[in-house]
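These notes are about the structure you will find just below.
The values are calculated or read from the model by the stated rules, or taken from the named source; none is laboratory data. Nothing here was measured: the structure is a model prediction, and the numbers come from that model. Here the Cβ positions follow ideal geometry from the backbone for every residue, glycine too, while neighbour counts run over all protein chains shown.
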Amino acid sequence: MPELPEVETTVRGLARYLDGERLARVETRRGDLRRPFPPDLVQVLTGATVTGLSRRAKYGLIHTDRSQTMVFHLGMSGRWRIDPDELGKHDHLVLETGSSHLLALCDPRRFGSVDLVPTDGLDSWAPFAAMGPEPLGPGLTAAYLKEVLAGRSAAIKLMLLDQRIVAGLGNIYVCEALFRAGISPVRAAGKVSAAALARLVPAIKAVLAEAIEAGGSTLRDYAQPDGELGYFSKQFDVYDREGQPCVRCGAPIRRIVQGGRSTWYCAGCQK
Ligand SMILES: [Zn+2]
């Protein structure tokens with residue numbers, strides 16, 4: 001499942017082909033992904049010029065000169081294909097640029113989404129309205145976490161996955177950041193010390209930035225025809241490493257289930 005770093009890398013990759021380009025042709029090849037495509041999607045985007053791309057949480061944003069932004073989510077299996085040799089049955093949306101590049105949104109499981117949102121109304125769009133600050137932005141600070149977590153008895157792991165606390169942090173990067181900061185995932189959020197939160201914030205930013213950098217280094221491949229945007233592999237310290245030795249102390253990494261999802265951590269290093 002694409003997490004924030006993959007979405008960021010995807011947006012940067014798409015920008016190479018889309019930023020400043022006119023959309024010469026827009027085609028939907030079925031009616032829906034997770035929900036129907038906006039009925040006016042093709043009409044609004046055809047002939048529009050892309051004025052910029054950005055990311056909010058795990059959504060990619062393609063801004064246009066028609067005061068509308070196309071907002072996409074990759075769901076479980078979505079990715080963009082660049083100049084595919086031929087279109088397949090999972091290529092559900094196709095954008096052709098004025099420079100004759102073909103960008104296809106491929107989503108076999110169709111858990112993704114595409115929406116058109118007025119550009120000046122993005123902040124109040126329902127999925128964005130209640131979101132917490134971007135983890136890589138200036139809004140995520142130890143003081144902010146101290147304030148929003150005060151008195152909360154839920155586990156810190158679960159609070160960090162709550163999009164209202166921090167936007168777009170997924171399971172992998174929460175596990176990795178808690179390990180790096182030496183914080184137990186089961187500790188009550190309100191009981192995490194100021195000193196620990198001061199370690200946590202840079203840990204969150206670092207694990208994400210490193211993953212984006214790793215993805216960026218594979219971006220070169222996307223310059224080739226038939227490249228794909230959306231996924232890359234990276235080595236993690238605790239994620240999916242149950243029973244393997246901790247990279248710091250050698251104790252076996254444990255796996256527990258919190259909120260229906262796995263958490264991996266080192267009981268020796270995380271207090
Ligand atoms: Zn350890």
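Residues that are within 7 Å of the ligand (Cβ to nearest atom) and of a type in the set (A, V, I, L, M, F, W, C) were ranked within the stretch 246-271; the one that is nearest to PHE236 (Cα to Cα) is CYS246. Only strands (runs of 3 or more DSSP E) whose full extent lies in the stretch 65-169 are considered here, and the ones with at least 1 residues that are free of Cβ contacts under 8 Å to residues at least 60 places away in the same chain are 68-73, 102-106, 113-118.
The condition of being exposed (fewer than 14 other Cβ atoms within 10 Å of the Cβ), out of contact with any Gly (no Cβ under 7 Å at 6 or more places or on another chain) and not small (Gly, Ala, Ser) holds for PRO138. If you take the residues of the stretch 186-217 that are outside any helix (DSSP H, G or I) and not polar (S, T, N, Q), which of them is surrounded by the most Cβ atoms within 10 Å (Cβ to Cβ)? My answer is VAL192. Looking at TYR222 and the list (1) surrounded by 15 or more Cβ atoms within 10 Å (Cβ to Cβ); (2) at pLDDT 95 or above; (3) in contact with a helix residue (DSSP H, G or I) (Cβ under 8 Å, 6 or more places away or on another chain), which single condition is not satisfied? The number of the failed condition is (2).
When residues in the stretch 170-215 are screened for being hydroxyl-bearing (Ser, Thr, Tyr), out of contact with any strand residue (DSSP E or B) (no Cβ under 9 Å at 6 or more places or on another chain) and in contact (Cβ under 8 Å) with a residue 12 or more places away in the chain, 1 of them pass. Residues of the stretch 41-52 that are touching a His at 6+ places or on another chain (Cβ under 9 Å) and surrounded by fewer than 21 Cβ atoms within 10 Å (Cβ to Cβ): THR51, GLY52.
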